[in-house]
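The values are calculated or read from the model by the stated rules, or taken from the named source; none is laboratory data. Please read all numbers here as calculations on a predicted model, not as lab measurements. Positions of Cβ are generated from backbone atoms using ideal geometry, with glycine treated the same way; all protein chains shown enter the neighbour counts. Ligands, DNA and RNA are excluded from the accessible area calculation, which covers all protein heavy atoms including side chains. Shrake-Rupley method; radii C 1.70, N 1.55, O 1.52, S 1.80 Å.
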Amino acid sequence: MRKLGIFILFMLLLFSMPAFAAEKEISTKGMYIAGASESLNDAKQNALQDAMRQAAEQAGVLVSSFSKTHNMILTDDEVTVVATKIIQVKNKKFEVELLSDSEIKVVAYVDVLVNTDNINEDITALKNKSDKLEKEKNKLQSDLQTQKNSIVNIENLTREIREKYNINESYVQEKELFTNSSWLDFFSNFFIAMDNHDYSGACTYSYGAIVKFRQYRISTGDTPLQQIKNGLMDDELLIICTTLVEAYIADKSYQAALGYANFIKKQLEGRDNLDEENVNKLNRYIKSLEDYFFVYKPGIIEASRKNPWKIWKI
């Protein structure tokens, strides 16, 4: 008696478990009413599509049941994809009925075979593909956001520098420059050019101020010649050199700005007597420029670090 009870319990458990036969037949029908301008062949195809859609819905019930049983969460679209894949048409036939002079009704009857042999593999492959597409989509969104941020940051930096030098003193006259003009004359013209939105001219004046300032330091005899040859970068020269970087940025010559900024940074190596605020400002320009080129021309970043002077000259 005890063995009989165990057998009955086993059979109840067996029949209570979801059963997925390797093959299952589904018979369904679809209908389409065609107008006078539509051909009979088109009407048949539309009726057949309707029948197949209903067959896919019934197969989808099997797919959903299978996926839930195996803890595989599928969206409605994913269920439809798998259901359509496992359907094979066995038989189809059509009935045509004339409704009026301008309308005909076509009914499509289909017998399909739902083959669940590879349903697990189909779902797994679909989920893997969906996961891959989701990762690619997230990466594209992230890259797009990075590009947007990069553009916004560099545009903000350019606008900020242009506004910084907008001194609104239009009455100030540009100084006439000669070979013996002082670095202050070049520097003065730099500010006037920036104020007049002549950013290309500002680059020329700023570079001239740097050259003249070095000559001035040599002529005073206060600075050892070896220090001049080694680059001579103190706070005063750093400020003038930084204006050249700012002129390039204002001119949207970002590649030149990055190259020259890295050139200055190399000159600063090993020097600890510089004003922190000036150094931080230069590093901020470099960071903004590198963020921009990281998105658009990543090769320029490494090249400008290795040989900043060459990149600046390009």
Residues satisfying the stated conditions in the stretch 79-112, i.e. surrounded by fewer than 17 Cβ atoms within 10 Å (Cβ to Cβ), of a type in the set (A, V, I, L, M, F, W, C) and in a loop (DSSP other than H, G, I, E, B)
Leu99
Could you tell me how many of the residues in the stretch 241-268 are open to solvent by 10 Å² or more (accessible area, probe 1.4 Å) and among the β-branched types (Val, Ile, Thr)?
0
Residue check, Ile8 against (1) modelled with pLDDT of 80 or more; (2) open to solvent by less than 90 Å² (accessible area, probe 1.4 Å), all met but one. Which one?
(1)
Look through Leu225, Leu237, Leu232 and report the one residue that is touching a Lys or Arg at 6+ places or on another chain (Cβ under 7 Å) and either aliphatic (A, V, I, L, M) or modelled with pLDDT of 90 or more (or both).
Leu232
Give me the pairs, please: first residue somewhere in the stretch 17-40 and in a strand (DSSP E or B) and of a type in the set (S, T, N, Q), second residue anywhere and at pLDDT below 85 and open to solvent by 50 Å² or more (accessible area, probe 1.4 Å), beta-carbon distance under 8 Å, and either six or more positions apart or on two chains.
Thr28/Gln54; Thr28/Gln58
Among the residues of the stretch 269-305, what is the count of those that are over 13 Å from Thr242 (Cα atoms) and open to solvent by less than 60 Å² (accessible area, probe 1.4 Å)?
13
Cβ-Cβ below 9 Å, separation at least six or inter-chain, first residue in the stretch 137-156 and over 11 Å from Tyr292 (Cβ atoms), second surrounded by 11 or more Cβ atoms within 10 Å (Cβ to Cβ) and among the hydrophobic types (A, V, I, L, M, F, W, C): which pairs?
Asp143/Val295
